[in-house]
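Read the structure below first, then the notes.
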Amino acid sequence: MVIPEKLKEGDEIRVIAPARSLKIIKEEQRNIANNRLTQMGLKISFSKNCESSDEFMSSTIEERIEDLHEAFSDKNVKGILTVIGGHNSNQLLKYIDYDLIKNNPKILCGYSDITALANAIYGKTALVTYSGPHYSTFGMKKGIEYTIEYFKKCLFSERPFTVLPSEEWSDDPWYLSQDNRKFYKNTGYNVINKGRACGKILGGNLCTLNLLQGTEFMPDLKDAVLFIEDDELTFPENFDRDLQSLIHQPDFERVKGIVIGRFQLASRMEDEKLVKIIRSKRELKNIPVISNVDFGHTTPNMTFPIGGHVELIADKEAEIMIKDH
């Protein structure tokens, strides 16, 4: 396992667009994001091609690979943030110079479609990557305090941290109307299966992780605690079969536990439906499973290390303790 150096005041972070382009991000949102990251003491630079855009709101494979390689090669860059998600990060996997990345380890952070990139890099190089906010996420005016808190805990500190539930959450399209927000009281974690587990963290967006199945880029599931979530395009039956597909992977019997991120309202995934899905699967009977955790496509969104270590307690209440190693 290769653990990148943590961020500190004065460090440069590079913004790259391995999926959708920076061009789709409004100027106001960029300004807010720049101010937030600057307030953390970070210097911001942008990759050469991050604003290139085609009919798919993305740049070419060659441009995205160039930016990724340049970010890892640049000795001044200490961390890499993705602009936003999308649908095509997995296009890059065959063209990445994994030796270059292994020899220049540094933080890579993003979520959603970036799940393919982050898990493949970990699987091919043993470099711990991070599921956490995009650059665009920092353009949020309200409700981002928890996201920033756990971004700092995970990427600025060497110390293990306990993940506590947020006080409130939101599922509105905040990027369309920054001031018209609706927040809900968080009821905390849901324990579906009781138990305890220790293991390495793998996962992120479930349907994107599943794109790696049957390829050289799928990480080994032995001794893993899976962190999985899905967006508004999923629904109970779809989540069920995507989870079943993951269960069919080699060495799934060595998986130690599952942590499920909060579902978006459009998914229609009520608690009782999720419980029924989980308890219908014999393979999950003897491992702890908790849900309604603050990561995924709702706000807020914590940061966690892919390839890092987690200690999970699922009893009457749940406890999640995370560290890089």
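What follows draws every value from the coordinates through simple rules; no lab data is involved. Worth saying up front: this structure is predicted, and the values here are computed from it rather than measured. Neighbour counts run over all protein chains shown; Cβ positions are idealised from the backbone, glycine included.
What you get for the range 77-166, charging only the Cβ of Lys and Arg (+1) and of Asp and Glu (-1), is a dipole of about 120 debye around the Cα centre. Structural descriptor for the chain: relative contact order 20 percent, calculated from alpha carbon pairs under 8 angstrom and at least 6 residues apart.
Between the beta carbons of residue 69 and residue 2, assuming R0 = 25 Å, the FRET efficiency works out to 0.90 to the nearest 0.05. Counting charges near residue 90 (Lys, Arg +1; Asp, Glu -1) among other residues having Cβ under 15 Å from its Cβ returns a value of +2.
Available extension along the chain between residue 282 and residue 12 is 92.5 nm, counting 0.36 nm per residue and deducting the alpha carbon span. Relative to one another, the C-alpha centroids of the range 233-286 and the range 111-166 are positioned 22 Å apart. Over the chain, all Cα pairs binned in 20 Å intervals from 0 give whole-percent P(r) values of 35, 60, 5, listed from short to long. In a reduced charge model with +1 at each Lys and Arg Cβ and -1 at each Asp and Glu Cβ, the range 12-159 shows a dipole moment near 560 debye about its Cα centre.
Residues with beta-carbon under 10 Å from that of residue 223, excluding residue 223: net charge, scoring Lys, Arg +1 and Asp, Glu -1? It works out to a net charge of +2.
The stretch between residue 247 and residue 321, if pulled fully straight at 0.36 nm per residue, gains 24.2 nm over its current Cα-Cα span.
Ellipticity at 222 nm from helices only: DSSP H runs of n ≥ 4 in the chain, each -39500 (n - 2.57), divided by the residue count, give -7000 deg cm²/dmol. For the range 1-138, report the % of Cα-Cα distances exceeding 17 Å. For the range 1-138, the fraction of Cα-Cα distances above 17 Å is 55 percent. Here the chain is assigned +1 on the Cβ of each Lys and Arg and -1 on the Cβ of each Asp and Glu. Its dipole about the Cα centre then comes out at about 660 debye. Given a Förster distance of 56 Å, report the FRET efficiency between residue 159 and residue 60 from their Cβ-Cβ distance, rounded to the nearest 0.05. The computed FRET efficiency comes out at 0.85.
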